[in-house]
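This report concerns only the one structure given below.
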Amino acid sequence: QVQLVESGGGLVQAGDSLSLSCTASGGTFSRYVMAWFRQAPGKEREFVALIATFDTTYYLDSVKGRFIISRDNGRSTLYLQMNTLKPEDTAVYYCAARDSRVETTKEAAYDYWGQGTQVTVTS
């Protein structure tokens, strides 16, 4: 059973940066497609970014050029560097793992989820 634990959320102002981390345990981190999703108040959870096993990355259009996803397989840790944050980035951010080499942005395809970390951006 894989466990994912996010950290790094907080309250920041528009234009600030924030870095999220997600540490995995109980599985073989290097073989998973890893992703970040987010859920804003009153909205459905949406895909933000993913990094595949060979470090291919995909991003939600609205975060391209501002967010950077990365992974450290030796530390079993996923990162999300968020720059130039906007109020519309306010959400609970979730780390997710997919036990497959095939990447996808579909939420239902991910096998393991963290508990989420709150990111609040004020204007």
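Annotations for the structure displayed:
- Figure legend: label point modelled 7 angstrom from the Cα of Gln3 along Cα→Cβ; residues of the range 71-88 with amide N under 19 Å from it are 75-78.
- Over all projection directions, the Cα-based convex hull of the chain averages an area of 6.8 nm².
- Computed from the C-beta positions of Gln81 and Ala108 and an R0 of 30 Å, the FRET efficiency is 0.65 to the nearest 0.05.
- Of the peptides 19-28, 53-62, the order by per-residue mean of other Cβ atoms within 10 Å, starting with the highest, comes out as 19-28, 53-62.
- Taking the accessible area of the chain, probe 1.4 Å, and keeping the other protein chains in place, the carbon and sulfur fraction comes to 46%.
- Residue-normalised accessible area of the range 83-123, given per residue in Å² at a 1.4 Å probe: 50 Å²
- Accessible surface calculations at 1.4 Å, restricted to protein heavy atoms, place the range 1-79 at 52 Å² per residue.
- Computed on the chain, with alpha-carbon pairs under 8 angstrom and 6+ residues apart, the relative contact order is 36 percent.
- Residue list for the range 52-95, given a label point 7 angstrom along the Cα-to-Cβ vector of Gln118 and an amide N cut-off under 14 Å: 90-93
- Amide N proximity, the range 13-33 versus Glu88 label position 7 Å along Cα-to-Cβ, cut-off under 13 Å: none
The values are calculated or read from the model by the stated rules, or taken from the named source; none is laboratory data. Quick caveat: nothing in here was measured; it's all calculated off a predicted structure. Because the Cβ atoms are built from the backbone with ideal geometry, glycine has one as well, and the counts that use them run over all protein chains shown. The area values use the complete protein model at the heavy-atom level, side chains included, leaving out ligands, DNA and RNA. Shrake-Rupley method; radii C 1.70, N 1.55, O 1.52, S 1.80 Å.
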